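Single-structure report; data block below.
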Amino acid sequence: MFNSLRKLISEFGEDGKHPSRFEDNDYRLAAAALLVHAAAIDGSVSDAARDKLHILIKQRFNLDDGATDELLAEATEAEQKAIDLYQFTARLNRSLDEAGRARMVEMMWQIAFTDGVVTEFEDNLIWRAADLLGVSQGERIALREQVSASRTGDAKP
């Protein structure tokens with residue numbers, strides 16, 4: 001009994017907080033923080049955007065609900081502390097190939113289109129992030145059109 005209690009206590013850090021599964025240099029944390037920023041750029045995060053964030057992150061990183069919630073909480077904290085996008089995009093550039101960076105831009109568009117309207121703040125954010133990720137203007141626009149078409153049911157097979 002005491003061994004299991006000792007193990008439980010040892011799993012908690014010095015500050016009493018459960019240790020993170022996601023290290024500061026984990027690209028998943030950078031990706032999630034960028035998506036959280038996209039969801040919050042227009043002032044508030046709607047329930048629909050929160051749900052979309054959860055689904056995208058869970059599917060993209062093959063996480064269970066608990067790990068997804070933990071990653072989102074850590075990403076929200078990282079996003080709030082961030083002074084610019086570079087800390088996230090630099091980590092993603094080191095970790096992802098060209099297709100992975102394009103997928104990040106696509107996911108940002110999916111978050112932006114959650115409410116059906118892309119604001120100029122969202123558009124500008126995705127433009128800046130795509131530029132920092134090395135995703136061309138043409139590809140960024142094509143991804144926007146692809147996400148928009150899939151939302152309206154006009155996507156081509």
**Prompt:** Scanning the stretch 121-131 for residues that are without any contact (Cβ under 8 Å) to a residue 60 or more places away in the chain and open to solvent by less than 70 Å² (accessible area, probe 1.4 Å), which turns out nearest to residue 50 (Cα to Cα)?
**Reply:** 123
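Let's see how each residue does on (1) of a type in the set (S, T, N, Q); (2) within 14 Å of residue 29 (Cα to Cα); (3) open to solvent by 70 Å² or more (accessible area, probe 1.4 Å):
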position: 57; (1), (2), (3): no, yes, no
position: 66; (1), (2), (3): no, no, no
position: 77; (1), (2), (3): no, yes, yes
position: 109; (1), (2), (3): no, no, no
position: 119; (1), (2), (3): yes, no, no
**Asked** Under the condition of being open to solvent by 70 Å² or more (accessible area, probe 1.4 Å) and touching a residue at least 40 places away in the same chain (Cβ under 8 Å), which residue from the stretch 25-51 is nearest to the chain's Cα centre (by Cα)?
**Response** 27
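The values are calculated or read from the model by the stated rules, or taken from the named source; none is laboratory data. None of these values were measured; they are calculated from a predicted model. Every residue, glycine as well, gets a Cβ built from its backbone with ideal geometry; the counts of neighbours run over all protein chains shown. Just so you know, the surface numbers come from the protein's heavy atoms only, side chains and all, with ligands and any DNA or RNA stripped out. Shrake-Rupley method; radii C 1.70, N 1.55, O 1.52, S 1.80 Å.
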